[in-house]
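The values are calculated or read from the model by the stated rules, or taken from the named source; none is laboratory data. From a predicted model like this one, the values you see are computed outputs, not experimental measurements. Ideal geometry is used to build each Cβ from the backbone, glycine not excepted, and the neighbour counts take in all protein chains shown.
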Amino acid sequence: MSASGTPIASTPTPVAADSIVIDLDGLSTMHAGEAATYDYDDPEPMLAFIEEVTGVPRAGEDILDPWGNGDVWGKSYRWDDITVTVLLDGPAHVTVESPTIGDAPVTVAGGVAVGSTRAEAVAAGAWDDWDADGDGVADSLGIDERPVEDTQSLSRPGEVGRQYVALRLTGDTVTAIASPDNDFSDI
């Protein structure tokens with residue numbers, strides 16, 4: 001407290017993590033030989049972990065339906081280079097735009113990270129996912145796939161849909177990792 005009796009706000013101290021891996025189920029961390037997993041289906045512990053590792057409290061904003069009816073579909077939480085979207089009727093979705101969260105390096109299976117090259121991602125098993133600008137070069141790659149029964153792929157007609165980790169590129173450099181992503185829904 002200050003001399004006037006008013007509480008003084010303090011900035012939380014970030015908690016260390018040695019590494020963070022993004023996969024189809026959530027975030028996995030390792031610190032001092034201890035492993036932890038933060039599942040997309042239970043986002044509260046994941047949000048608390050990100051607060052701890054960044055030292056920044058969460059601030060969420062409502063996600064409104066895309067048709068303008070004013071219905072709230074969930075919340076989006078944003079830190080400097082990470083966004084966690086939590087829908088009311090589904091799991092969380094994470095997008096990371098930095099090679100680290102706090103001081104911990106962030107990768108996908110195979111070691112691909114923000115800053116990796118397209119060639120490194122392809123060597124780790126990534127495939128062309130989406131060509132946003134129509135120039136014939138994929139602006140998004142997929143990696144770490146899992147088929148989802150009772151769905152139909154929108155990009156591979158006649159095939160079962162799949163979930164995967166998306167690698168967004170600018171030129172030939174990975175600039176964001178997003179998970180889970182899929183090829184069977186258009187919203």
Original post:
Quick one: how many residues across the range 74-96 are buried (at least 17 other Cβ atoms within 10 Å of the Cβ) and among the acidic types (D, E)?
Top reply: 0
Subject >> Sole exception among (1) of a type outside the set (A, V, I, L, M, F, W, C); (2) in a loop (DSSP other than H, G, I, E, B); (3) under 18 Å from S28 (Cα atoms) for T83, by number >> reply: (2)
Original post:
Which residues, counting only those in the range 99-115, are closer than 17 Å to E52 by Cβ and either part of a loop (DSSP other than H, G, I, E, B) or of a type in the set (S, T, Y) (or both)?
Top reply: T100, G102, D103
Original post:
Counting only residues that are of a type outside the set (G, A, S), under 20 Å from A178 (Cβ atoms) and surrounded by 11 or more Cβ atoms within 10 Å (Cβ to Cβ), how many does the range 25-44 have?
Top reply: 9
Subject >> Residues that are of a type in the set (A, V, I, L, M, F, W, C), closer than 25 Å to R168 by Cβ and assigned to a helix (DSSP H, G or I), drawn from the range 30-65 >> reply: M46, L47, F49, I50, V53
**OP:** Please identify the pairs in which a residue from the range 104-132 that is without any contact (Cβ under 8 Å) to a residue 12 or more places away in the chain has its Cβ atom under 7 Å from the Cβ atom of a residue that is surrounded by fewer than 14 Cβ atoms within 10 Å (Cβ to Cβ) and of a type outside the set (S, T, Y), counting only partners at least 6 apart or on another chain.
**Re:** D131/V137
**OP:** Might you let me know whether the range 66-73 holds any residue that is part of a strand (DSSP E or B), out of contact with any helix residue (DSSP H, G or I) (no Cβ under 7 Å at 6 or more places or on another chain) and either at pLDDT 95 or above or surrounded by 13 or more Cβ atoms within 10 Å (Cβ to Cβ) (or both)?
**Re:** yes
